[in-house]
Amino acid sequence: MNFGQAISTCLSKYATFSGRASRPEFWWFFLFQVLVSIVASMISDVLNGLVGLALLLPALAVGARRLHDIGRSGWWQLIMLTVIGFFVLIYWWVQPGSEDGIE
């Protein structure tokens, strides 16, 4: 999956929390979020806030689908609310998918 395919897939599955997301799909969308946020913050703080809100739901959805791919529940994203939890999630997100992942 390339950059464009990942963006279109994630945005077309805007609020789809079921299914699986491959590592490339997740990380290309992550890069897209970072780049769009950087550009938006250079233009305006208000625009950056709007971009953050617009990309929040697809980011949560692709994160949940990525966790499903490694056999974990999407609810594990709640540990991102702690500092150490963010690092645990990054570790899980870089793991290869499993055959018995959650659909």
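The values are calculated or read from the model by the stated rules, or taken from the named source; none is laboratory data. Model, not experiment: these values are computed from the prediction. Backbone-built Cβ (ideal geometry, glycine too); neighbour counts: all protein chains shown.
There is at least one residue in region 80-98 that is surrounded by fewer than 18 Cβ atoms within 10 Å (Cβ to Cβ), over 10 Å from the mean Cα position of the chain (by Cα), assigned to a helix (DSSP H, G or I) and at pLDDT below 90.
Of 34, 94, which residue is among the aliphatic types (A, V, I, L, M) and in contact (Cβ under 8 Å) with a residue 60 or more places away in the chain?
Details: 34 fails: in contact (Cβ under 8 Å) with a residue 60 or more places away in the chain.
One residue alone meets the criteria, 94.
A count restricted to region 68-79 and to residues that are surrounded by 14 or more Cβ atoms within 10 Å (Cβ to Cβ) and of a type in the set (A, V, I, L, M, F, W, C) stands at 3. When residue 40 is tested against (1) crowded, with 18+ Cβ neighbours inside 10 Å; (2) within 11 Å of the chain's Cα centre (by Cα); (3) among the small types (Gly, Ala, Ser), exactly one condition is not met: (2). Residue 20 - would you say it is out of contact with any strand residue (DSSP E or B) (no Cβ under 8 Å at 6 or more places or on another chain), of a type in the set (Lys, Arg) and either in a helix (DSSP H, G or I) or farther than 23 Å from residue 86 by Cβ (or both)? Answer is no for this residue. Somewhere in region 50-67, is a residue buried (at least 17 other Cβ atoms within 10 Å of the Cβ), part of a helix (DSSP H, G or I) and more than 13 Å from the chain's Cα centre (by Cα)? Scanning region 50-67, I find at least one residue that is buried (at least 17 other Cβ atoms within 10 Å of the Cβ), part of a helix (DSSP H, G or I) and more than 13 Å from the chain's Cα centre (by Cα), so the answer is yes.
Beta carbons closer than 7 Å, at least 6 apart along the sequence or on distinct chains, pair a first residue in region 55-82 that is over 19 Å from residue 14 (Cβ atoms) with a second that is β-branched (Val, Ile, Thr) for 71/102; 73/102; 79/88. In the set (1) exposed (fewer than 14 other Cβ atoms within 10 Å of the Cβ); (2) more than 21 Å from residue 2 (Cα to Cα); (3) at pLDDT 95 or above, the condition left unmet by residue 31 is number (2).
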